[in-house]
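S.K.: Following this message is one structure expressed as structure tokens.
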Amino acid sequence: MLRQVEGSRAVADAVALCRPGVVCAYPISPQTHIVEALAEHVKSGRLAPCEFVTVESEFAAMSVAIGASAVGARAYTATASQGLLYMAEAVYNASGLGLPIVMTVANRAIGAPINIWNDHSDSMSQRDSGWIQLYAETNQEAADLHVQAFRIAEELSLPVMVCMDGFVLTHAWEQVDTPTQEEVDAFLPPYEPRQVLDPADPVSIGAMVGPEAFTEVRYLAHARQMQALELIPDVAARFAEAFGRNSGGLVHPYRTDDADTVVMALGSVLGTIKDTVDEMRRDGVRIGVLGITSFRPFPLDAVRAAVGDAHHVVVLEKALAVGIGGIVTANVRMAVVPEHVSTVIAGLGGRAITKASLRRMLDEAVAGRLEPLTFLDLNRQLIGNELARMAAGRRSGPMAENMLRDLGAVASRIG
Amino acid sequence: MPVQPIKFYQTGSFVVGNRLLAPDRRSVQARADRTNSLNCGHRACQGCGEALGARYALDAAMRATGNQMVAVNSTGCLEVFSTPYPETSWRIPWLHSLFGNAPAVATGVAAGLKAKGRDDVRVVGQGGDGGTVDIGFACLSGMFERNDDVLFICYDNEAYMNTGVQRSGATPPAARTTTTPAVGPEPGNVFGQGKNVPAIAMAHEIPYVATATVADLRDLEYKVTRAMEFHGARYLHILVPCPLGWGSASCDTVRIARLAKESGLFPVFEAERGEITDVSKIRHRVPVEDYLRLQSRYAHLFGEYGSPGTVARLQEIADRNIRRYGLLEEA
């Protein structure tokens, strides 16, 4: 059914249609609306049987999901930002144990300075946690990815993180087609665990493993992610067959066929990039876009194929590896000729990524003038002032406060 | 017909002597059909109180639940010595996740079982004092507060033994650990710190809270059995001497546990919904010195450079417990 609906509600409805047995919830912006909507589903009895557990922390949220999954219940939770970091130990544990938990990450920056707005620092910090990571471009795709995520997770016995941009998607109202219960039931079979705690057949899960087999255990985790490179497109194809629309898969190429410049990004910013690229195409520029939906596993072959013979690759990243630059870029460079790749850090802490800024930056890229590492719309005056204060004396004070004082009352100027 | 040899571990104390009793009055440990939940072959130290406590508690829990039970274990000695890959000593469904999350994982197990319609299967969470009173405390309190259907058992050996005897929030004053060394003007752990988790559990007003020691098998088994008669959050705090960390003889584990109770240092009681319903009275009151002298973690309190004043302060703690919990029979 096509509805005008908030992204969080669309995701919650999709999750409910997947019939999770246990949902654990701890509030953190901007994922709160998702679990609020799920609370309503459970409390009203529409989603049953389902245990909705209001835990005391994100660490507990993932831990409850671990316990539930280990007894064969389909388990779901959602988080963001500091919450994801707080649960990090359990995030690694869930994948290490091979438990097919599905979690939404409503992508948000990480402090300090504290910042509730969108970027990808949170989920990127967990890129090596052993979870599959899928990034949604739209709210329709966010909802659809959850239905696919349970199927992928359970087939591989691996947890899946569905990443959707905080506020930009979670709080945006747009048209979303929500499937019926019958349709989802036909697509998603009941969870049949590979391992389960059952008094009739006692097993020990989570035993200690020493040097004699630890490498092999890690290798198997990698091998299953390599299987996911086959399974993710397969599930997307089956989804398209069942629901009549394309969602998910490894990558979304857009006008890349004859492109000499390819812009890569993850998540909702792809819309703005596509609009910009359409304009540039009208101006005769051979430029295309590659949306990376699956960041883990990273689709090296698909990226290589999409880049083809292009001479310029621009990776637009909503996260920064301090001390080196791009995170996605490092992965892209494994797939294509490294010297052609530039990194653009953009949209950190919710800064708007505008078409005007993108156009200026992409014109430079097409002309071969883009620096290897660029910070989009960097306020150099603000940085200069603070560097001057730091040079002037030892006790320069907290830099965030200093910069806010410089900026004055207008907190965010979109320009 | 093959004969199953049965080992009897408990003789020579006040609290056993099972084979002379009618079968229905014998302890679970004395029964041929006990589960051996934690089976022999594990790698605990000789005289390990925790291994003893875990086997007593889980066998009793298995009996109480008709073998329909799942256990969740926090990281620690019990987890490490019982499951070095590819071996496991557990004959029950058993899950280990992390150090600090066992109560939450147990909540998840209970929730998952409920969602699966398996209301017949009960859940026990367990960990050492580090995993319970320190790093796992937030998850424990959350599990209590939500009244999740879990019995959580703390095997309290009063320090981080698995990592090499470091102080925990359950380490008693004056005790030497590797992070509270017996040096300086006030050697050992300081006075005026530490957490009384049984009391904190009671403050949550959960259905059932009890303490026990490995010296009193019948009392321990009774409390596990009683705990399983309730639904909702339950907490059992078992004192389990650690020969390695306490510096005691392996053969003295049960004796030391008994002296902890008989001196008043470790009050043994049970409580329902925040109210104490019963206490185990002291049978033969002993001075704390009898308990302390058997353990080298207190060696700095005795001898030529000893500290009678510190021993007196520990005696005051025992005396206060005796008054507070009414541990002596009325004269």
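S.K.: Could we say that A:Arg224 is within 14 Å of chain B (Cβ to nearest Cβ) and assigned to a helix (DSSP H, G or I) here?
M.R.: Details: within 14 Å of chain B (Cβ to nearest Cβ): no; assigned to a helix (DSSP H, G or I): yes.
Taking the combined requirement at face value, the residue does not satisfy it.
S.K.: Moving on to the next point. All but one of (1) in contact with an Asp or Glu (Cβ under 9 Å, 6 or more places away or on another chain); (2) away from every other protein chain (no Cβ under 14 Å); (3) crowded, with 21+ Cβ neighbours inside 10 Å hold for A:Ala149; state the number of the condition that does not hold.
M.R.: The one condition A:Ala149 does not meet is (1).
S.K.: Follow-up question, since we're still on this one. Output yes when any residue across the range A:349-356 is polar (S, T, N, Q) and in contact (Cβ under 8 Å) with a residue 40 or more places away in the chain, and no when none is.
M.R.: Scanning the range A:349-356 turns up at least one residue that is polar (S, T, N, Q) and in contact (Cβ under 8 Å) with a residue 40 or more places away in the chain.
Yes/no per residue for (1) surrounded by fewer than 19 Cβ atoms within 10 Å (Cβ to Cβ); (2) farther than 30 Å from B:Gly66 by Cα:
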position	(1), (2)
B:Lys223	no, no
B:Ala233	no, no
B:Leu236	no, no
B:Val240	no, no
B:Gly247	yes, yes
B:Glu262	no, yes
B:Leu265	no, yes
B:Gly326	yes, yes
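S.K.: Still on this model: Taking the condition of a type in the set (Phe, Trp, Tyr), surrounded by fewer than 24 Cβ atoms within 10 Å (Cβ to Cβ) and within 11 Å of chain B (Cβ to nearest Cβ), does A:Tyr92 pass? So that I can check it myself, show each step before the final result.
M.R.: Details: of a type in the set (Phe, Trp, Tyr): yes; surrounded by fewer than 24 Cβ atoms within 10 Å (Cβ to Cβ): yes; within 11 Å of chain B (Cβ to nearest Cβ): yes.
Against the criterion (of a type in the set (Phe, Trp, Tyr), surrounded by fewer than 24 Cβ atoms within 10 Å (Cβ to Cβ) and within 11 Å of chain B (Cβ to nearest Cβ)), A:Tyr92 qualifies.
S.K.: Do we have any residue at all in the range A:73-82 that's more than 22 Å from A:Ser294 (Cα to Cα) and either away from chain B (no Cβ under 14 Å) or touching a strand residue (DSSP E or B) at 6+ places or on another chain (Cβ under 7 Å) (or both)?
M.R.: Scanning the range A:73-82, I find at least one residue that is more than 22 Å from A:Ser294 (Cα to Cα) and either away from chain B (no Cβ under 14 Å) or touching a strand residue (DSSP E or B) at 6+ places or on another chain (Cβ under 7 Å) (or both), so the answer is yes.
S.K.: Can you find a residue in the range B:183-199 that is out of contact with any Cys (no Cβ under 8 Å at 6 or more places or on another chain), touching a residue at least 24 places away in the same chain (Cβ under 8 Å) and aliphatic (A, V, I, L, M)?
M.R.: Within the range B:183-199, none of the residues are out of contact with any Cys (no Cβ under 8 Å at 6 or more places or on another chain), touching a residue at least 24 places away in the same chain (Cβ under 8 Å) and aliphatic (A, V, I, L, M).
S.K.: Any idea which residue in the range B:88-116 is nearest to the other protein chains (Cβ to nearest Cβ), counting only those that are in a helix (DSSP H, G or I) and within 19 Å of the chain's Cα centre (by Cα)? Walk me through it before giving the result.
M.R.: To start, the set of residues in the range B:88-116 that are in a helix (DSSP H, G or I) comprises B:102-115.
Cutting the leftovers down to within 19 Å of the chain's Cα centre (by Cα) gives us B:102-103, B:106.
Numbers: B:Ala102: 8, B:Pro103: 8, B:Ala106: 6 Å.
Ranking the qualifying residues of the range B:88-116, first place goes to B:Ala106.
S.K.: Could you tell me whether any residue of the range B:67-84 is part of a strand (DSSP E or B) and more than 7 Å from chain A (Cβ to nearest Cβ)? Step through it out loud before you land on a result.
M.R.: Step one: filter the range B:67-84 for residues part of a strand (DSSP E or B), giving B:69-73, B:84.
Now drop any that are not more than 7 Å from chain A (Cβ to nearest Cβ), which leaves B:71, B:73.
Checked against the condition, which is being part of a strand (DSSP E or B) and more than 7 Å from chain A (Cβ to nearest Cβ), the range B:67-84 yields at least one hit.
Okay, residues lined up against (1) crowded, with 22+ Cβ neighbours inside 10 Å; (2) more than 22 Å from the chain's Cα centre (by Cα):
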site: A:Pro30; (1), (2): yes, no
site: A:Lys43; (1), (2): no, yes
site: A:Ala61; (1), (2): yes, no
site: A:Gly67; (1), (2): yes, yes
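S.K.: Under the condition of being touching a Cys at 6+ places or on another chain (Cβ under 8 Å) and in a loop (DSSP other than H, G, I, E, B), which residue from the range A:115-145 is surrounded by the most Cβ atoms within 10 Å (Cβ to Cβ)? Outline the logic, then answer.
M.R.: Within the range A:115-145, the subset touching a Cys at 6+ places or on another chain (Cβ under 8 Å) is A:120, A:123, A:133-136.
Next, only the ones that are in a loop (DSSP other than H, G, I, E, B) stay: A:120, A:136.
Values: A:His120: 30, A:Ala136: 28.
Among residues in the range A:115-145 that are touching a Cys at 6+ places or on another chain (Cβ under 8 Å) and in a loop (DSSP other than H, G, I, E, B), the one surrounded by the most Cβ atoms within 10 Å (Cβ to Cβ) is A:His120.
S.K.: Looking for something under 15 Å from the mean Cα position of the chain (by Cα) and in a strand (DSSP E or B) - is there at least one such residue anywhere in the range B:253-275?
M.R.: Checked the range B:253-275: at least one residue is under 15 Å from the mean Cα position of the chain (by Cα) and in a strand (DSSP E or B).
S.K.: Only one residue in B:Asp148, B:Asp120, B:Asp219, B:Asp134 is among the acidic types (Asp, Glu) and touching a helix residue (DSSP H, G or I) at 6+ places or on another chain (Cβ under 8 Å). Which one?
M.R.: Just a single option satisfies the conditions, and that option is B:Asp148.
S.K.: To continue, here is another question. Name the residues in the range A:42-60 that are touching a Phe, Trp or Tyr at 6+ places or on another chain (Cβ under 8 Å) and more than 8 Å from every other protein chain (Cβ to nearest Cβ), would you?
M.R.: If the condition is that a residue be touching a Phe, Trp or Tyr at 6+ places or on another chain (Cβ under 8 Å) and more than 8 Å from every other protein chain (Cβ to nearest Cβ), then A:Val42, A:Lys43, A:Glu58 are the ones that fit.
S.K.: In the range A:358-400, how many are among the aliphatic types (A, V, I, L, M), over 27 Å from A:Lys274 (Cβ atoms) and assigned to a loop (DSSP other than H, G, I, E, B)? Let's see the steps before the verdict.
M.R.: Going residue by residue through the range A:358-400, those that are among the aliphatic types (A, V, I, L, M) are A:358, A:361-362, A:365-367, A:370, A:373, A:376, A:378, A:382-383, A:387-388, A:390-392, A:399-400.
Subset that is over 27 Å from A:Lys274 (Cβ atoms): A:382-383, A:387-388, A:390-392, A:399-400.
From what's left, assigned to a loop (DSSP other than H, G, I, E, B): none.
Going through the range A:358-400 one residue at a time, the tally reaches 0.
S.K.: When you go through B:Tyr56, B:Tyr85 one by one, which is the residue that is of a type in the set (Phe, Trp, Tyr), over 23 Å from B:Thr213 (Cα atoms) and either crowded, with 24+ Cβ neighbours inside 10 Å or without any contact (Cβ under 8 Å) to a residue 60 or more places away in the chain (or both)?
M.R.: Details: B:Tyr56 fails: over 23 Å from B:Thr213 (Cα atoms).
None of the others qualify; the one that does is B:Tyr85.
S.K.: Taking the range A:202-213, which residues are facing chain B (nearest Cβ under 9 Å) and more than 28 Å from the chain's Cα centre (by Cα)? I'd like the intermediate steps shown before the answer.
M.R.: Going residue by residue through the range A:202-213, those that are facing chain B (nearest Cβ under 9 Å) are A:202-210, A:212-213.
Within the range A:202-213, A:Pro202, A:Val203, A:Ser204, A:Ile205, A:Ala207, A:Met208, A:Val209, A:Gly210, A:Glu212, A:Ala213 qualify.
S.K.: Which ranges mark the helices (runs of 4 or more DSSP H) fully within the range A:247-348 that have 3 or more residues being of a type in the set (D, E, K, R)? Please lay out each step first, then the result.
M.R.: Numbers: elements: A:269-282, A:300-307, A:328-332.
Hits in the range A:247-348: A:269-282.
S.K.: In this structure, is A:Val35 within 8 Å of chain B (Cβ to nearest Cβ) and surrounded by 24 or more Cβ atoms within 10 Å (Cβ to Cβ)? Can you show your working first?
M.R.: Working: within 8 Å of chain B (Cβ to nearest Cβ): no; surrounded by 24 or more Cβ atoms within 10 Å (Cβ to Cβ): yes.
No.
Each reported figure results from applying straightforward, stated rules to the coordinates on display, with no laboratory input. Keep in mind it's a predicted model, so treat the numbers as computed, not measured. All Cβ positions, glycine included, derive from the backbone under ideal geometry; neighbour counts span all protein chains shown.
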